[in-house]
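This is the structure I have questions about; it appears just below.
Just so it is clear, none of the values below were taken in a lab; they were calculated from the coordinates. Since this is a predicted model, take the numbers as computed values, not measurements. Here Cβ is always computed from backbone atoms with ideal geometry, including for glycine, and neighbour counts include all displayed protein chains.
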Ligand code: PMV
């Protein structure tokens with residue numbers, strides 16, 4: 001049964017008094033195969049999405065918690081990235097704490113020193129917000145476990161994703177592996193707009209070896225933030241057809257992941273990437289995140305696939321970089337096509 005927002009409100013009394021604590025966690029990044037694009041309410045998705053977890057791209061976080069004598073309304077914290085104080089990240093984290101306070105009021109009982117680092121370089125094009133908010137949410141749920149009477153593992157798993165979602169939508173899909181679905185789908189059990197779940201089927205062994213290599217076209221800040229892109233979907237002329245596609249495609253993707261149907265997996269993954277960017281190019285105002293090199297790489301991938309029959313494909317997130325998805329067994333053969341251009345490689349594997 002799916003949980004409601006009310007289920008995540010703590011009604012029990014504290015079991016243990018707040019005391020000084022150190023808690024560590026790590027969380028992976030993820031890449032959507034069927035994309036989340038557009039939202040409603042408080043960070044709820046316009047459509048369901050499904051992603052691969054990128055287990056080799058992690059954010060590690062350690063928090064040093066000091067119990068406070070006097071509880072304030074706001075969470076007092078400092079954020080450090082690679083041991084350096086990063087004040088410019090703090091407004092986003094403060095906003096996150098404000099949104100989640102209703103569900104985890106105990107966060108105000110402490111002073112927080114948050115130390116984070118990423119296993120992937122800054123310039124890799126991987127958004128650290130997904131793994132970062134997922135790692136922090138794991139810590140908060142861990143803290144809840146230490147302070148309140150025990151609950152089920154399902155409650156803790158869903159609550160972690162629920163909290164992460166309030167930091168950044170796609171972070172909801174960074175709390176477990178190998179595949180996560182976020183957003184209610186009438187034909188997929190347990191799915192919810194409030195949090196992501198691990199679907200209850202075995203993925204085909206071929207996908208357990210899949211890799212994601214990112215070809216960097218552009219480093220640094222995106223020109224148009226995802227937040228703006230999501231908002232433009234509210235009045236998008238193709239909003240309804242987009243929603244319909246996403247529902248159909250999430251279901252199709254689950255079938256291909258189960259059966260190992262690579263041909264259709266490739267078709268669908270690439271169709272989704274291009275549709276995401278087509279939505280950007282047809283919103284009002286419209287914008288283009290792909291660069292000439294993005295298209296060049298896409299053509300190269302398609303030509304190479306045609307020539308060799310190898311099952312590689314591309315996907316895109318909200319930027320110009322190209323994610324190349326392929327089974328481990330063809331890594332060698334891809335060297336000639338891609339690896340001269342690859343500056344960063346990330347692998348997701350499933351244990
Ligand atoms: O989580 P946000 O708000 O950064 O949005 C992410 C949107 C995409 O990366 C383009 C798609 C997705 O599902 O991750």
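Give the distance, in whole Å, between the Cα centre of the range 21-60 and the Cα centre of the range 236-283.
18
Right, another one. Roughly how tilted is helix 292-308, in degrees to the nearest 10 and between 0 and 90, from the longest Cα axis of the chain?
So the helix axis and the longest Cα principal axis differ by about 60 degrees.
Quickly rank 172-179, 41-48 as a protection proxy: mean count of other C-beta atoms within 10 Å, highest first.
Details: 172-179: 27.1, 41-48: 17.9.
Descending mean neighbour count gives 172-179, 41-48.
Just 95, 125, 169 to compare: in a GNM of the chain, with alpha carbon springs under 10 Å, which one fluctuates most?
For the chain, modelled as a Gaussian network with Cα springs under 10 Å, the answer is 95.
Name the residue, out of 128, 170, 29, whose mean-square fluctuation peaks in a Gaussian network model built on the chain with Cα pairs under 10 Å.
Among 128, 170, 29, the largest GNM mean-square fluctuation belongs to 128.
Follow-up. Sort 153, 329 so the one with the fewest other Cβ atoms within 10 Å of its own Cβ comes first. Let's see the in-between values first.
Working: 153 8, 329 11.
The most exposed by this proxy come first: 153, 329.
Using the Cα atoms of the chain, I'd like the radius of gyration and the largest Cα-Cα distance, Dmax, both in angstrom.
Rg and Dmax of the chain, Cα atoms, are 20.4, 68 Å.
Still on this model: What list do you get for 131, 25, 119 if you sort them by fewest beta carbons within 10 Å?
Numbers: 131 32, 25 20, 119 16.
With the fewest neighbours first, 131, 25, 119 line up as 119, 25, 131.
In addition: Expressed as an acute angle from 0 to 90° and rounded to the nearest 10, what is the orientation of the C-alpha long axis of helix 128-147 relative to the principal long axis of the chain?
30
How tilted is helix 262-281 with respect to the longest principal axis of the chain? Cα atoms for both, answer in degrees (0 to 90, nearest 10).
Computed tilt is about 70 degrees.
Once you have a ≥ b ≥ c as the square roots of the Cα gyration tensor eigenvalues for the range 228-312, tell me rounded if a/c is under 1.5, and otherwise prolate or oblate according to whether a/b is larger than b/c. Write out the running numbers ahead of the final one.
Working: a/c = 3.71, a/b = 1.31, b/c = 2.82.
Oblate shape, in that a/c is at least 1.5 and b/c is the bigger or equal ratio.
Only helical DSSP H runs with n ≥ 4 go in: add -39500 (n - 2.57) per run for the chain, normalise by residue count and round the 222 nm mean residue ellipticity to 500 deg cm²/dmol.
Details: 9 runs with 119 residues, N = 351.
Mean residue ellipticity at 222 nm (helix-derived): -11000 deg cm²/dmol.
Please order 182, 37, 112 by the number of other Cβ within 10 Å, starting at the fewest.
112, 37, 182
Could you grab the Rg to Rh ratio for the range 130-266? Cα atoms only, Kirkwood for Rh.
Details: Rg = 17.1 Å, Rh = 17.1 Å.
Using Cα coordinates only, the ratio equals 1.00.
Right, next: Which residue fluctuates the most in the chain, going by a Gaussian network model with Cα springs under 10 Å, if the choices are 278, 246, 134?
Maximum fluctuation in the GNM of the chain, among the listed residues, is at 278.
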